[in-house]
1. Most exposed first by the Cβ proxy, i.e. fewest other Cβ within 10 Å, how do 72, 21 rank?
2. What spacing in nm lies between the two simple spin-label points modelled at residue 51 and residue 82, each 7 Å away from Cα in the Cβ direction?
3. Mind listing the Cα extents of region 21-62 along all three principal axes, in Å, largest one first?
4. Of the listed peptides 78-84, 36-42, 56-62, what is their order by residue-averaged count of other C-beta atoms within 10 Å, with the highest listed first?
């Protein structure tokens with residue numbers, strides 16, 4: 001895992017642009033929703049996937065002993081699912 005610095009992601013991390021938002025923007029949307037500053041969280045996952053017929057970014061990060069999981073609409077950037085629980 002690495003600390004999140006959404007402004008410093010490399011080209012490989014930004015390659016998943018699907019006509020909507022980039023993976024960088026998806027991570028930022030999840031962080032904003034959670035009220036967590038980018039430099040404070042540890043990114044575990046940001047992957048492009050499908051939920052039914054909707055393309056989503058699955059974002060997972062850790063902050064302050066909590067695990068956050070998000071599904072972010074890859075077209076609009078809307079938060080489709082948000083889950084927070086104590087990390088194992």
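Throughout, read-outs are computed from the coordinates displayed, never taken from laboratory work. The model shown is predicted, which means the values in this text are computed figures rather than measured ones. All Cβ positions, glycine included, derive from the backbone under ideal geometry; neighbour counts span all protein chains shown.
1. Arranged by neighbour count, lowest to highest, 72, 21 become 21, 72.
2. 1.3
3. 33, 16, 15
4. Numbers: 78-84: 13.0, 36-42: 15.1, 56-62: 21.9.
Descending mean neighbour count gives 56-62, 36-42, 78-84.
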